[in-house]
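Novice: Sharing a structure with you now.
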Amino acid sequence: FLDGRGALVTGSTSGIGHGIALLLAKAGAKVMLNGFGKPDEIAKARAEVGSLMGVAEAPYSAADLSKPEAVRQMIKDAEAALGTLDILVNNAGIQVVAPIEEFPDDKFDAIIAINMSSNFHAIKAALPGMKARDWGRIINIASAHGLRGSPHKVAYVMAKHAVVGMTKVVAQEVAQTPITVNAICPGFVRTPLAEAQLAPLAKEHGVSEEVALRDYLLEKQPSKRWIEVDEVAQMALYLCGPGSGGVTGTALSIDGGWTSA
Ligand code: NAD
C-alpha cells in the first residue's frame, strides 16, 4: 500500500530505524537510509533494503544530524533521490547516562541536537513538499522517557518530552491537511542503544546481566521482556497505512505497560 511513496528514516543503519526501513520497503515505499556505522554494515543495510525495492542498494545519506545544515541538506537529497518525500521518520538518537552533576556538557548538547532539534529542522524542511503533494506521514520516535522521568537520563528525558510536545504542535498546525504527525513511545527495545546499558548495570549491582535486565533495566517495564524492533516497526507501518488518517498528534506507547503506572 506504499507503492509510489518516498520515505526517509533517520538513524536506519541500526536498531529500530533499520527495522522500520525494512517494513516500509516491504510495503512498497522507496526508502532512503541515514546513520553512522562501519562501511560494510552500511552497505549491508543498503543492499537489504534495496533488494525489497528492486534495486541494488537503497539511497543513503551520511548526514550528521547534530548539524542543522546537514539535516536540511539530507531532506533535499531525499527529495532528489526518491522523487517524493512523503514519509519522514525521525528516529536517530543517542543515550548517555549520568547524574546531572556529572553529566558532561558536550554530551548534553549532542543529545539535545540529535534527539530533539534535528526533528524540528527535518520537519520544517520536509513539510512544504508534503503540503504540495497533499499527503504526508511524520513519525517521531520518542520514548516512554517522553512521558516519564528516570534518574540519570536528564538530557534524554528532556529531549524526548520535547519531541512529544513538538508532535502535538505540528499535528495541530497541519490538522486540516492529509498529513499526520505522531510520536511512538517505546519502552526498552532490544537494540544496541539499550543493550549497551546492561553491562554497566550488572557491574554496578554485582549481578548477572539476566538479573540486571529483569530487576534494574526493566524495573519499570511490567512485562519484564524486551520490546522487539519489529513490534515498533509494525506500529510505524500502521501509521502509514490505510485507515490511520484520523490518528494525529498522539504519543503511542509500546512499552510493556510502563506508562500505565
Ligand atoms: P541504535 O543505537 O541501534 O540506532 C541509532 C541510530 O541513530 C543508528 O543508525 C546511528 O548511526 C544513528 N545516529 C546516531 N547519531 C547520529 C547522528 N548524529 N546523525 C545521524 N545518525 C545518527 O538505537 P535504537 O535503540 O534503534 O534507537 C532509535 C531511536 O529509538 C532513538 O531515538 C532512541 O532514543 C529511541 N528509543 C529507543 C529505545 C530502546 O530501548 N532501544 C526505547 C525508546 C526509544
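Novice: Starting from the range 181-210, keep only residues that are free of Cβ contacts under 8 Å to residues at least 24 places away in the same chain, then list their pairs with residues that are more than 15 Å from the ligand (Cβ to nearest atom) and not aliphatic (A, V, I, L, M) whose Cβ atoms are within a distance under 7 Å, requiring at least 6 positions of separation or different chains.
Specialist: 198/209; 199/209; 202/208; 202/209
Novice: Now for a different question. Residue under question is residue 162, and the condition is that it be loosely packed, with under 13 Cβ neighbours inside 10 Å and either within 16 Å of the ligand (Cβ to nearest atom) or part of a loop (DSSP other than H, G, I, E, B) (or both); does it hold?
Specialist: Taking the combined requirement at face value, the residue does not satisfy it.
Novice: So is residue 196 farther than 24 Å from residue 29 by Cβ, more than 12 Å from the ligand (Cβ to nearest atom) and either modelled with pLDDT of 95 or more or not hydroxyl-bearing (Ser, Thr, Tyr) (or both) or not?
Specialist: Numbers: farther than 24 Å from residue 29 by Cβ: yes; more than 12 Å from the ligand (Cβ to nearest atom): no; either modelled with pLDDT of 95 or more or not hydroxyl-bearing (Ser, Thr, Tyr) (or both): yes.
No: the conditions fail for residue 196.
Novice: Which condition number in (1) in contact (Cβ under 8 Å) with a residue 24 or more places away in the chain; (2) surrounded by fewer than 17 Cβ atoms within 10 Å (Cβ to Cβ) is the one that residue 237 fails?
Specialist: (2)
Novice: Turning to a different aspect of this structure: Any chance the range 55-68 includes a residue that's over 19 Å from residue 181 (Cα atoms), more than 15 Å from the ligand (Cβ to nearest atom) and part of a helix (DSSP H, G or I)?
Specialist: no
Novice: Would you tally the residues in the range 82-100 being closer than 17 Å to residue 11 by Cβ, among the β-branched types (Val, Ile, Thr) and not in a loop (DSSP other than H, G, I, E, B)?
Specialist: So the count comes out to 2.
Novice: Just need a number here: residues in the range 165-216 that are in a loop (DSSP other than H, G, I, E, B) and not β-branched (Val, Ile, Thr).
Specialist: Residues flagged as in a loop (DSSP other than H, G, I, E, B) and not β-branched (Val, Ile, Thr) within the range 165-216 amount to 10.
Novice: Further question: I'm trying to understand the selection: among the residues of the range 22-50, which are touching a residue at least 60 places away in the same chain (Cβ under 8 Å) and either assigned to a helix (DSSP H, G or I) or more than 17 Å from residue 85 (Cα to Cα) (or both)?
Specialist: 22, 23, 24
Novice: Can you tell me which residue within the range 71-109, out of those that are of a type in the set (Gly, Ala, Ser) and surrounded by fewer than 16 Cβ atoms within 10 Å (Cβ to Cβ), is nearest to the ligand (Cβ to nearest atom)?
Specialist: Across the range 71-109, the extreme among qualifying residues is 98.
Novice: If you don't mind, there's one more thing I want to ask. Checking the conditions here, which among 59, 104, 128 is free of Cβ contacts under 8 Å to residues at least 40 places away in the same chain, out of contact with any Lys or Arg (no Cβ under 7 Å at 6 or more places or on another chain) and within 24 Å of residue 229 (Cβ to Cβ)?
Specialist: So the residue among 59, 104, 128 that is free of Cβ contacts under 8 Å to residues at least 40 places away in the same chain, out of contact with any Lys or Arg (no Cβ under 7 Å at 6 or more places or on another chain) and within 24 Å of residue 229 (Cβ to Cβ) is 59.
Per-residue answers, yes or no, for (1) surrounded by fewer than 21 Cβ atoms within 10 Å (Cβ to Cβ); (2) among the aromatic types (Phe, Trp, Tyr); (3) touching a Phe, Trp or Tyr at 6+ places or on another chain (Cβ under 8 Å):
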{"residue": "154", "(1), (2), (3)": "yes, no, yes"}
{"residue": "180", "(1), (2), (3)": "no, no, no"}
{"residue": "183", "(1), (2), (3)": "no, no, no"}
{"residue": "190", "(1), (2), (3)": "yes, no, yes"}
{"residue": "205", "(1), (2), (3)": "yes, no, yes"}
{"residue": "208", "(1), (2), (3)": "yes, no, no"}
{"residue": "212", "(1), (2), (3)": "no, no, no"}
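Novice: Please verify whether the range 222-242 includes one or more residues that are under 15 Å from the mean Cα position of the chain (by Cα) and in a loop (DSSP other than H, G, I, E, B).
Specialist: So far as the range 222-242 goes, yes, one or more of its residues are under 15 Å from the mean Cα position of the chain (by Cα) and in a loop (DSSP other than H, G, I, E, B).
Novice: Okay, next question. So in the range 119-145, with the set limited to residues that are hydrophobic (A, V, I, L, M, F, W, C) and in contact with a Cys (Cβ under 8 Å, 6 or more places away or on another chain), which one is surrounded by the most Cβ atoms within 10 Å (Cβ to Cβ)?
Specialist: Among those residues, the one meeting the criterion is 142.
The values are calculated or read from the model by the stated rules, or taken from the named source; none is laboratory data. These numbers come from a predicted model, not from an experiment. Methodologically, a virtual Cβ is constructed for each residue, glycine included, from the backbone with ideal geometry; neighbour enumeration extends over all protein chains shown.
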